[in-house]
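Read through the structure below, which is laid out as structure tokens, and then see the notes.
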Amino acid sequence: MYMPEIPIELEYYPKLPQELLTKAVDKIKENKSNWDDPFFMDVYGYADLAHFKEICKPYIEDLNLKNLIIIGTGGSYQTMKALSLFTKKNIHFLYSSRPHELSEVLFRTLPADSLVIPISRGGKTIDVNSILPLFKEYKILALSSQGPMNDMVKKINATILPVPDLSGRFAASVCSVMLVPALISGINVEQVQKGLEDGYTLFKNLDESDKSNFDINSALQFAVYVYHLYKKGYRNIFSMPYSQWLEALTGLFVQEISESTGKEGNGILGTYQAAPLCQHSVLELILGGSKGHTSPLLWTTLQEPTDVILKHDEEEEQKEGENPMIEGSTALSIVNYQLDATFQALLEQKVPSSKLTFHSVSPYSFGFGIAFIQTTVYYLCLLLNVNWSSNPMVNVGKKICNEAIKSRLDRTQRINNRINVVNKTFNNYFSE
């Protein structure tokens with residue numbers, strides 16, 4: 001039997017008893033038929049890579065092409081963003097009409113040296129549609145299938161590739177949404193796909209006859225771990241990425257766990273702040289404040305493409321009476337010392353905590369990491385028995401926004417609308 005390379009390592013405490021894992025697998029299998037099958041585990045079924053390469057070839061061979069402008073939000077943004085440090089082009093992400101980012105992209109790019117890639121499955125995302133006309137003079141390769149955005153790009157004769165009608169946050173890694181911009185930007189997509197494939201091969205194995213499967217199936221373990229924290233009242237997984245390489249991958253985890261589990265009164269909130277910065281801002285609350293609501297997840301790497309040898313000033317250290325650092329220590333090694341110390345401090349304060357270590361950063365390991373994230377969230381949704389692929393409440397805000405824009409409601413009218421809503425929904429909310 002083929003055993004894939006395992007490029008990530010999960011450490012979590014307190015450890016789960018074997019019987020809880022066994023019961024969880026039974027619950028996962030029992031609830032699986034209630035919801036759609038996990039299409040995202042079919043790594044190649046929605047990816048006609050040969051066709052994608054044919055469409056992308058003129059842009060790949062264009063020596064004047066320096067910038068990719070990716071316009072999209074949600075999974076359309078998060079998945080490609082997770083891989084963006086591997087690119088060989090300047091990538092500019094626009095996920096809304098926030099004016100500073102928008103003006104910066106317009107200032108730093110030209111139609112002659114840029115390609116715009118707007119992404120929307122349904123075509124109704126106002127974050128995309130509102131700014132797309134600003135780029136009508138640019139080359140456009142649209143990832144779109146329907147709706148107003150599809151109509152817009154057709155009118156300007158853009159090249160169009162379809163987006164499958166699947167849950168976007170899970171679909172991006174296995175279809176044109178991620179693969180097309182990754183190809184154009186020079187990422188080794190075959191290695192990403194191999195990482196995805198090997199990850200799902202490992203994580204979808206729930207054969208209870210071989211208990212060793214549980215020992216290496218980190219996605220299963222983490223899903224069951226979070227589920228039992230949830231049963232104890234924990235509602236937040238606070239991620240602490242100690243590497244810039246992992247921050248966008250952390251963002252994908254935050255989106256998927258929040259958007260997928262958060263329905264029918266259930267759900268785990270994903271949050272994050274870059275580490276070790278968060279050691280000096282958020283950590284005091286978790287260590288010394290109220291307990292039982294937040295479980296930290298620390299993310300790190302053992303190797304990065306660039307590292308820095310640190311030097312110390314022996315005279316200054318002797319003057320201050322401090323122990324000198326070990327000569328030859330690297331920046332990454334010092335960061336990991338801080339991480340491990342923080343991890344231990346959390347455990348000493350009886351805070352359930354976990355650590356995810358990438359042995360290296362590569363397209364393969366990130367593909368594997370995406371598989372870990374998506375399988376973990378899928379299993380967690382089955383344990384909660386909620387629909388992993390839907391996000392029905394997200395459209396409520398979209399509808400309110402679209403109606404307000406259509407009616408040209410001014411700021412005062414929008415405030416009055418909120419006051420009317422509050423009077424109906426929060427009656428005597430703070431009365432004793």
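For a footprinting-style exposure proxy, rank 27, 311 by other Cβ within 10 Å, fewest first.
Working: 27 17, 311 10.
The order, fewest Cβ neighbours first, is 311, 27.
State whether the range 179-314 is rounded, prolate or oblate according to the following rule on the C-alpha gyration tensor (a ≥ b ≥ c being the square roots of its eigenvalues): a/c under 1.5 gives rounded; otherwise a/b larger than b/c gives prolate, and the remaining case gives oblate. Mind showing how you got there, number by number?
Working: a/c = 1.61, a/b = 1.02, b/c = 1.57.
Oblate, since a/c reaches 1.5 and b/c is not below a/b.
Extension gain residue 30-residue 287, at 0.36 nm per residue separation less the Cα-Cα distance, in nm? Mind showing how you got there, number by number?
Values: separation 257, 0.36 × 257 = 92.52 nm, distance 3.77 nm.
Difference between extended and current length: 88.7 nm.
How do 119, 140 line up, fewest other C-beta atoms within 10 Å first? Kindly include the intermediate steps, with their values, before the conclusion.
Numbers: 119 29, 140 22.
The order, fewest Cβ neighbours first, is 140, 119.
How many nm separate the modelled label positions at residue 399 and residue 236, each set 7 Å beyond the Cα in the direction of the Cβ?
Rounded to a tenth, the inter-label distance reads 3.0 nm.
Quick check for you: which residues of the range 193-208 have the amide N under 12 Å from the point 7 Å beyond the Cα of residue 22 toward its beta carbon?
Only 208 pass the distance filter.
Pairs 32/53; 204/398; 204/355; 231/355; 27/204; 398/424: which are spaced more than 24 Å apart, C-alpha to C-alpha?
Checking Cα-Cα distances, 32/53; 204/398 exceed 24 Å.
Quick check: the distance between the Cα centres of the range 215-259 and the range 164-207, to the nearest angstrom?
Cα centroid of the range 215-259 versus Cα centroid of the range 164-207: 19 Å apart.
Quick one: order 381, 401 by neighbouring beta-carbon count within 10 Å, fewest to most. The partial results should precede the final answer.
Details: 381 27, 401 12.
The fewest-first ordering by Cβ neighbours comes to 401, 381.
Would you mind calculating the gained length between residue 273 and residue 66 on full extension (0.36 nm times residue separation, minus the Cα-Cα distance), in nm to one decimal?
Going from the current span to full extension adds 71.5 nm.
Let me know the charge dipole size of the chain about its Cα centre in debye, to the nearest 20, where only the beta-carbon of Lys, Arg (+1) and Asp, Glu (-1) is charged.
Numbers: 40 positive and 47 negative charges, 476 e Å.
I would put it at about 2280 debye.
How much length is gained on full extension from residue 188 to residue 414, taking 0.36 nm per residue of separation minus their Cα-Cα distance?
On the way: separation 226, 0.36 × 226 = 81.36 nm, distance 4.72 nm.
Between residue 188 and residue 414, full extension yields an extra 76.6 nm.
Pull up all non-local amide H partners of residue 272: gap of 5 or more, or a different chain, and H-to-H distance under 5 Å with H placed in the peptide plane.
Residues meeting the amide H criterion: 239.
Efficiency by 1/(1 + (r/R0)^6): what FRET value for residue 340 and residue 155, r their Cβ-Cβ distance, R0 = 56 Å, to the nearest 0.05? Each step should come with its number before you reach the end.
Values: r = 56 Å, r/R0 = 1.00.
E between residue 340 and residue 155, to the nearest 0.05, is 0.50.
When ranked by the protection proxy of mean other Cβ atoms within 10 Å per residue, highest first, what sequence do the peptides 256-266, 418-428 form?
On the way: 256-266: 18.7, 418-428: 8.9.
Result, highest mean first: 256-266, 418-428.
Answer rounded, prolate or oblate for the range 43-192, using the Cα gyration tensor with square roots of eigenvalues a ≥ b ≥ c: rounded when a/c is under 1.5, else prolate when a/b is larger than b/c, else oblate.
Working: a/c = 1.38, a/b = 1.12, b/c = 1.23.
Here the range 43-192 falls in the rounded category.
If you build a Gaussian network model of the chain, linking Cα atoms that sit under 10 Å apart, which residue out of 157, 67, 217 swings the most?
Comparing 157, 67, 217 in a Gaussian network model of the chain, the most mobile one is 157.
Report the residue, chosen from 241, 99, 164, that carries the largest GNM mean-square fluctuation when the chain is represented by alpha-carbon nodes joined by springs under 10 Å.
Largest GNM mean-square fluctuation: 99.
Can you give me the span-like helices of the chain, meaning DSSP H runs with 18 Å or more of Cα extent along the axis and Kyte-Doolittle mean at or above 0.0?
Working: long enough: 18-32 (21 Å, -1.05); 189-203 (21 Å, -0.36); 218-231 (20 Å, 0.51); 244-261 (26 Å, 0.16); 331-348 (26 Å, 0.66); 363-384 (32 Å, 1.32); 394-407 (21 Å, -0.12); 411-425 (21 Å, -1.26).
Span-like helices here: 218-231, 244-261, 331-348, 363-384.
For every helix of n ≥ 4 consecutive DSSP H residues, a contribution of -39,500 (n - 2.57) applies; sum these over the chain, divide by its total residues, and give [θ] at 222 nm rounded to the nearest 500 deg cm²/dmol. Before the final figure, lay out each step's value.
On the way: 18 runs with 206 residues, N = 432.
The helix-only estimate for the chain comes to -14500 deg cm²/dmol at 222 nm.
Compare 14, 296, 38 in a GNM of the chain, Cα atoms joined below 10 Å, and give the one with the largest fluctuation.
14
Coordinate-derived values only; no laboratory data. Computed from a predicted structure; not experimentally measured. With ideal geometry, Cβ positions are generated from the backbone for all residues, glycine too; neighbour counts draw on all protein chains shown.
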